[in-house]
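The values are calculated or read from the model by the stated rules, or taken from the named source; none is laboratory data. Predicted model only: the values in this text are computed from it and were never measured. Note that each Cβ is placed from the backbone with ideal geometry, even for glycine, and that neighbours are counted across all protein chains shown.
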Amino acid sequence: MENKARKGFTLIELLLVMAVIGILSAIVTVYLNQARGKGADAKVKSQVVQLRSAIEIYYINNINYGLPVAGTEAAGTSVGYGCASNMFGSTGIGSYLLKDIYPGVAFLNSKCTSNGTDYAISIKLNNPGEYWCIDSLGSSKLTTAIHTTNKCP
């Protein structure tokens with residue numbers, strides 16, 4: 001009898017290779033999504049540093065943080081609201097930086113408050129229940145709650 005040369009792969013070998021590739025791709029996808037979230041958080045934190053600089057320049061030029069917009073202090077308000085009307089309003093430098101942090105969307109699940117002499121901003125991060133908070137006292141930290149006064153918790 002002649003030995004036939006084996007050509008190609010069996011169906012079981014192909015299925016086994018496909019299963020291994022599927023498992024590896026699922027693991028890689030999970031880690032890539034986590035890295036993407038951490039990258040987004042790093043971007044928010046970096047841009048908040050720029051926002052703080054712009055706010056302090058505004059303060060130096062105007063000797064205040066601007067007048068608050070009445071009735072817009074609740075969490076989840078749109079970009080530019082809940083803070084000083086002239087600093088974070090449509091012409092203020094702060095509104096441009098906030099729009100860059102959340103391009104094309106509202107300032108969702110975040111809060112910005114000001115009373116003219118103090119301000120605080122809590123920005124939602126990628127992880128549920130985490131916020132990056134800055135205030136006029138110099139705080140810049142990770143918190144688990146949106147601020148309730150014009151300072152970070």
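Remark: G104 falls outside the filter, which requires a residue to be outside any loop (DSSP other than H, G, I, E, B), closer than 26 Å to R36 by Cα, at pLDDT below 80 and of a type outside the set (D, E, K, R). What do you reckon, is G76 surrounded by fewer than 17 Cβ atoms within 10 Å (Cβ to Cβ), in contact with a Leu (Cβ under 9 Å, 6 or more places away or on another chain), modelled with pLDDT of 80 or more and of a type outside the set (D, E)? So G76 fails the test. Do the conditions hold for Y96, that is, is it touching a helix residue (DSSP H, G or I) at 6+ places or on another chain (Cβ under 6 Å), among the hydroxyl-bearing types (S, T, Y) and either at pLDDT 80 or above or surrounded by 13 or more Cβ atoms within 10 Å (Cβ to Cβ) (or both)? No; evaluated as a whole, the condition is false for this residue.
Inclusion of Y58 among residues that are at pLDDT below 80, assigned to a helix (DSSP H, G or I) and closer than 26 Å to C152 by Cβ is warranted.
Show the residue pairs that are 6+ apart or on different chains and have beta-carbon atoms under 7 Å apart, the first residue being within the stretch 115-130 and without any contact (Cβ under 8 Å) to a residue 60 or more places away in the chain and within 17 Å of G39 (Cα to Cα), the second being of a type in the set (S, T, Y) and surrounded by 15 or more Cβ atoms within 10 Å (Cβ to Cβ). Between residues of the stretch 115-130 that are without any contact (Cβ under 8 Å) to a residue 60 or more places away in the chain and within 17 Å of G39 (Cα to Cα) and residues that are of a type in the set (S, T, Y) and surrounded by 15 or more Cβ atoms within 10 Å (Cβ to Cβ), the close pairs are K124/S110; K124/Y131.
Contact annotation: residue pairs with Cβ atoms under 8 Å, 6 or more positions apart or on different chains, pairing a residue in the stretch 35-46 that is within 14 Å of Y131 (Cβ to Cβ) with a partner that is in a helix (DSSP H, G or I), are V44/I101. The residues of the stretch 128-150 that are of a type outside the set (S, T, Y), more than 14 Å from S46 (Cα to Cα) and either modelled with pLDDT of 85 or more or in contact with a helix residue (DSSP H, G or I) (Cβ under 7 Å, 6 or more places away or on another chain) (or both), listed by number, are E130, D135, L137, G138. Restricting attention to the stretch 129-150, the residues being of a type in the set (S, T, Y), surrounded by fewer than 21 Cβ atoms within 10 Å (Cβ to Cβ) and not in a loop (DSSP other than H, G, I, E, B) number 2.
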